[in-house]
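The values are calculated or read from the model by the stated rules, or taken from the named source; none is laboratory data. Being a predicted model, the structure only gives us computed values, none of them experimental. Please note: Cβ atoms are built from the backbone with ideal geometry, for glycine as well, and neighbour counts cover all protein chains shown. We work out accessible area using only protein heavy atoms, side chains counted, and drop any ligands, DNA or RNA first. Shrake-Rupley method; radii C 1.70, N 1.55, O 1.52, S 1.80 Å.
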Amino acid sequence: MSRPLIIGSHSGPTPPFPYLMSGTVISGFGRGSKELGIPTANLPVDSSLTPWISSLPSGIYFGWASLRLAVSHPDCAPAAGSEYSVFPMVMSVGYNPFYKNTVRSAEVHVLHKFGADFYGADMRLLIAGFIREEKDYAGLDALIADINFDCEVARQSLVRPAWKPKEVAEDGTLDCSWLFRPAEEGRAGAK
Ligand code: ADP
Ligand code: RBF
Ligand code: MG
């Protein structure tokens with residue numbers, strides 16, 4: 001079934017978006033997603049850290065990921081005056097019906113080819129929009145094809161000016177200052 005490549009209004013995210021989430025990158029299910037070409041950085045699903053997470057519908061989302069990478073990390077390229085490097089992302093929240101998980105997970109595929117892992121890094125997310133519900137599939141190839149399509153949706157949707165992360169929001173641009181803020185101020189204002 002065909003679905004749209006571009007999601008959301010040309011004037012930017014609309015309520016209830018954006019959602020802001022943060023956490024430390026933890027180990028996931030260890031299913032070898034990396035070998036499939038789709039590594040996912042997992043965040044704890046913890047309602048004491050992210051109060052709204054239990055009411056967020058399960059599904060596939062897109063937006064921006066901000067990573068506080070060690071200075072020695074090959075991809076450490078922080079924005080001016082910030083410790084955080086910002087990349088587009090796609091994200092799955094839920095029970096992965098294809099794998100029938102019993103625990104709800106939040107996992108982020110960052111749209112960047114990394115030279116090294118970043119387990120333990122502080123990650124902030126700006127979830128800008130909803131792509132689709134989670135699905136079950138007849139086989140792994142169909143799941144991978146759908147995820148690759150999600151990546152293209154994220155790229156094409158986020159390249160529009162009103163969806164790009166600007167440290168200081170200009171007229172009509174998305175306020176993403178939270179993605180760049182110093183570590184100790186990160187939680188203030190998180191929705
Ligand atoms: P796990 O089951 O532990 O989550 P994955 O196979 O999903 O293992 O790999 C996830 C790890 O791969 C991340 O925690 C991160 O350190 C690393 N990684 C490398 N490139 C990416 C990327 N583009 N997006 C997300 N994680 C990546
Ligand atoms: N798992 C599912 O069971 N159904 C899905 O529809 C689904 N969609 C995903 C979309 C994206 C963008 C990402 C990053 C993951 C998705 N997953 C889904 C989770 C996937 O099964 C998990 O990352 C596996 O570990 C990949 O092998
Ligand atoms: Mg993972």
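If you go through the stretch 9-37 one residue at a time, how many are part of a loop (DSSP other than H, G, I, E, B), within 16 Å of ligand 2 (Cβ to nearest atom) and touching a residue at least 60 places away in the same chain (Cβ under 8 Å)?
The qualifying residues number 6.
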Matching residues in the stretch 54-80 - criterion: being open to solvent by less than 30 Å² (accessible area, probe 1.4 Å) and either assigned to a strand (DSSP E or B) or closer than 16 Å to L20 by Cβ (or both): L56, G59, I60, Y61, F62, G63, W64, A65, S66, L67
Considering only the stretch 27-40, I want to know if a residue exists there that is hydrophobic (A, V, I, L, M, F, W, C) and closer than 22 Å to G129 by Cβ. yes
Just a yes or no: is a residue in the stretch 60-71 of a type in the set (S, T, N, Q), away from ligand 3 (no atom under 14 Å from the Cβ), farther than 19 Å from A154 by Cβ and touching a residue at least 12 places away in the same chain (Cβ under 8 Å)? no
P51: within 14 Å of the chain's Cα centre (by Cα), assigned to a loop (DSSP other than H, G, I, E, B) and not hydrophobic (A, V, I, L, M, F, W, C), yes or no? no
Within the stretch 114-132, work out how many residues are within 16 Å of ligand 3 (Cβ to nearest atom) and loosely packed, with under 15 Cβ neighbours inside 10 Å. 4
Pair list, Cβ < 9 Å and 6+ apart or interchain, from the stretch 133-144 residues that are of a type in the set (F, W, Y) to residues that are at pLDDT 95 or above and in a loop (DSSP other than H, G, I, E, B): Y137/P97; Y137/F98
If T24 meets every condition in (1) at pLDDT 95 or above; (2) open to solvent by less than 40 Å² (accessible area, probe 1.4 Å); (3) not basic (K, R) apart from one, which number is that one? (2)
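Output the number of residues of the stretch 41-52 satisfying the condition of being closer than 12 Å to S105 by Cβ and open to solvent by less than 40 Å² (accessible area, probe 1.4 Å).
4
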Pairs under 7 Å by beta carbon, first residue closer than 13 Å to L126 by Cα in the stretch 151-164, partner among the hydroxyl-bearing types (S, T, Y), six or more apart or different chains? W163/S157; K164/T173
Considering residues that are farther than 15 Å from N96 by Cα, more than 6 Å from ligand 1 (Cβ to nearest atom) and at pLDDT 95 or above, the number found within the stretch 27-42 is 0
Identify the residue in the stretch 81-113 that is free of Cβ contacts under 8 Å to residues at least 60 places away in the same chain and among the β-branched types (V, I, T) and, among all such residues, is most open to solvent (accessible area, probe 1.4 Å). T102
Counting only residues that are hydrophobic (A, V, I, L, M, F, W, C) and either within 14 Å of ligand 3 (Cβ to nearest atom) or not in a loop (DSSP other than H, G, I, E, B) (or both), which one in the stretch 99-113 is farthest from L56 (Cα to Cα)? V110
